[in-house]
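The values are calculated or read from the model by the stated rules, or taken from the named source; none is laboratory data. No experiment lies behind these values; they were computed from the predicted model shown. Cβ coordinates were reconstructed from backbone atoms using ideal geometry, including for glycine residues, and neighbour counts include every protein chain displayed.
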Amino acid sequence: MFNKFLYLYLLCVLGGCLLAGCRHRDPPLSARVELGQRLFFSTILSDQHTISCASCHNPKWAFADTTALPNGVRGLPTLRNAPGLFNLNRRAPYLSEGGVRTLEELIVAPLHDSLEMGSNLGHVVRRLWQDTLWLRLWLSTWDTLPSPYTFTTSLADFLRSLKSESSRADRFYRGNTAILTAQEREGAWLFTRPRLGCTRCHFGPDLTDNQFHNVGIAPKSADQGRFRLTGNASDKGKFKTPTLRNLRFTAPYMHDGSLKTLDEVFDHYASPSHPISPNDEIRQPVPLSPSEKRKIKAFLLALSDSDFVQRSVRLLSEK
Ligand code: HEC
Ligand code: HEC
């Protein structure tokens with residue numbers, strides 16, 4: 001008799017499930033972003049609880065870092081400079097060689113890298129299970145226990161929420177023509193001159209083609225860039241074109257942080273030190289007069305979004 005009821009009950013549950021759709025529903029985006037934000041600032045992600053994502057991606061610097069190669073969990077420097085994090089939905093494929101297609105996958109990279117957080121996904125998820133505070137947060141957000149899926153989704157949703165689109169230059173292009181100074185406007189005009197060729201690679205809303213180029217930084221480091229991923233000799237020394245937004249906050253520049261100022265970047269383009277690849281790279285040095293440098297610098301700095309940085313710094317107090 002009891003068994004009959006039990007079977008009936010299970011049948012009803014199964015039937016209900018099939019009708020309602022047994023799939024677990026994701027919580028609203030805002031709740032996932034909030035949880036992702038907490039994870040981003042938490043040291044629970046790193047081996048020995050020493051560093052968080054924000055140790056290398058500081059909200060004060062548009063989520064970049066001010067040292068050329070930041071130190072990871074064991075106090076050793078990373079292989080590359082930490083880039084700013086914003087408008088990431090437009091930046092795939094990720095990392096300097098472009099080996100990662102989605103932000104969900106990307107999260108595994110710093111987590112597992114022994115020079116970064118030196119941990120692993122399974123270990124972090126287990127830790128979250130064992131911590132009553134996180135467990136409570138998880139249940140109230142996801143209505144389920146921490147898992148690799150809910151962990152990577154929350155963090156990736158937080159990363160996607162970082163949008164920087166309110167620099168003075170943005171407002172200029174939206175029609176507020178008085179917001180830029182004459183020098184900044186002249187810099188914007190100069191920047192797009194074919195003679196300089198900057199917009200061959202730096203164009204679009206974030207001033208990047210999201211492609212890979214050799215602009216001559218490679219010989220200074222052993223890092224072979226995209227070659228690491230593809231194994232094609234023609235990819236040696238190619239790195240992803242970075243965005244030129246928020247340069248006021250993200251120095252030092254280039255994949256290895258080897259150039260400290262924008263003037264150093266201009267000087268580099270004026271005398272590129274690379275064995276120039278025969279493909280599409282900087283074939284001719286691009287000398288700029290002092291006045292041209294000042295104007296282009298003024299324009300590039302006007303692409304820095306202090307509202308975004310202020311909003312980001314406020315996240316720190318909410319973490
Ligand atoms: C020890 C320093 C360090 C820590 C900690 C760290 N990162 Fe990074 N991050 C870097 C460096 C260096 C790069 C550039 C790597 C490259 O280009 O190959 C990077 C790149 C990225 C990128 C790629 C951006 C792009 O435009 O391609 C994202 C996104 C990112 N990190 C998110 C995170 C998240 C999320 C965490 C925490 C789970 C984290 N990072 C922890 C140093 C760090
Ligand atoms: C052939 C493509 C190409 C052209 C042309 C080009 N760039 Fe770049 N730019 C890149 C790449 C790729 C990098 C990153 C190189 C690296 O990380 O080693 C870069 C980096 C930069 C950076 C540093 C950004 C950062 O956050 O590290 C600045 C500033 C910059 N370029 C400005 C310019 C200016 C100004 C011009 C014109 C004089 C120009 N670029 C022409 C591809 C190009």
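General observations
- Check on V265, in contact with a strand residue (DSSP E or B) (Cβ under 7 Å, 6 or more places away or on another chain) and among the aliphatic types (A, V, I, L, M): yes
So that you can scan it fast, the table gives a plain yes or no per residue for (1) of a type in the set (A, V, I, L, M); (2) touching a residue at least 60 places away in the same chain (Cβ under 8 Å); (3) assigned by TED's automatic domain parsing to the domain that holds L247; (4) under 22 Å from F308 (Cβ atoms):
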{"position": "V125", "(1), (2), (3), (4)": "yes, no, no, no"}
{"position": "D131", "(1), (2), (3), (4)": "no, yes, no, no"}
{"position": "W138", "(1), (2), (3), (4)": "no, yes, no, no"}
{"position": "W142", "(1), (2), (3), (4)": "no, yes, no, no"}
{"position": "S147", "(1), (2), (3), (4)": "no, no, no, no"}
{"position": "A156", "(1), (2), (3), (4)": "yes, yes, no, yes"}
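- Qualifying residues in the stretch 167-187 (those that are surrounded by fewer than 19 Cβ atoms within 10 Å (Cβ to Cβ) and not in a helix (DSSP H, G or I)) - the one nearest to ligand 2 (Cβ to nearest atom): T181
- Residues that are part of a loop (DSSP other than H, G, I, E, B) and either out of contact with any helix residue (DSSP H, G or I) (no Cβ under 8 Å at 6 or more places or on another chain) or of a type in the set (V, I, T) (or both), drawn from the stretch 234-250: T241, P242, T243, R245
- Residues that are among the hydroxyl-bearing types (S, T, Y) and within 17 Å of S96 (Cα to Cα) were ranked within the stretch 191-248; the one that is farthest from the chain's Cα centre (by Cα) is S234.
- Criterion violated by A222 - all others in (1) within 10 Å of ligand 2 (Cβ to nearest atom); (2) hydrophobic (A, V, I, L, M, F, W, C); (3) assigned to a loop (DSSP other than H, G, I, E, B) satisfied: (1)
- Pairing residues of the stretch 281-301 that are in the same structural domain as F172 (by TED's automatic domain parsing) with residues that are among the charged types (D, E, K, R), at Cβ distances under 7 Å and at least 6 apart in sequence or on separate chains, gives K293/D263; K295/E186; A298/E184; F299/E184; L301/R248.
- Applying the criterion of being in a loop (DSSP other than H, G, I, E, B) and either away from ligand 1 (no atom under 16 Å from the Cβ) or crowded, with 18+ Cβ neighbours inside 10 Å (or both) to the residues of the stretch 257-272, the residue that is nearest to the chain's Cα centre (by Cα) is G257.
Per-residue answers, yes or no, for (1) loosely packed, with under 14 Cβ neighbours inside 10 Å; (2) more than 12 Å from the chain's Cα centre (by Cα); (3) at pLDDT below 95; (4) more than 13 Å from ligand 2 (Cβ to nearest atom):
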{"position": "G72", "(1), (2), (3), (4)": "no, yes, yes, yes"}
{"position": "L79", "(1), (2), (3), (4)": "no, yes, yes, no"}
{"position": "L88", "(1), (2), (3), (4)": "no, no, no, yes"}
{"position": "R91", "(1), (2), (3), (4)": "no, no, no, no"}
{"position": "T102", "(1), (2), (3), (4)": "yes, no, no, yes"}
{"position": "P110", "(1), (2), (3), (4)": "no, no, yes, yes"}
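- Reported count of residues in the stretch 188-217, each being surrounded by 16 or more Cβ atoms within 10 Å (Cβ to Cβ) and near ligand 2 (Cβ under 10 Å from one of its atoms), is 14.
- Reported count of residues in the stretch 34-52, each being closer than 14 Å to D157 by Cα and near ligand 1 (Cβ under 7 Å from one of its atoms), is 1.
- Among the residues making up the stretch 54-103, those that are outside any loop (DSSP other than H, G, I, E, B), touching a strand residue (DSSP E or B) at 6+ places or on another chain (Cβ under 9 Å) and in contact (Cβ under 8 Å) with a residue 40 or more places away in the chain are C56, A64, L88, L103.
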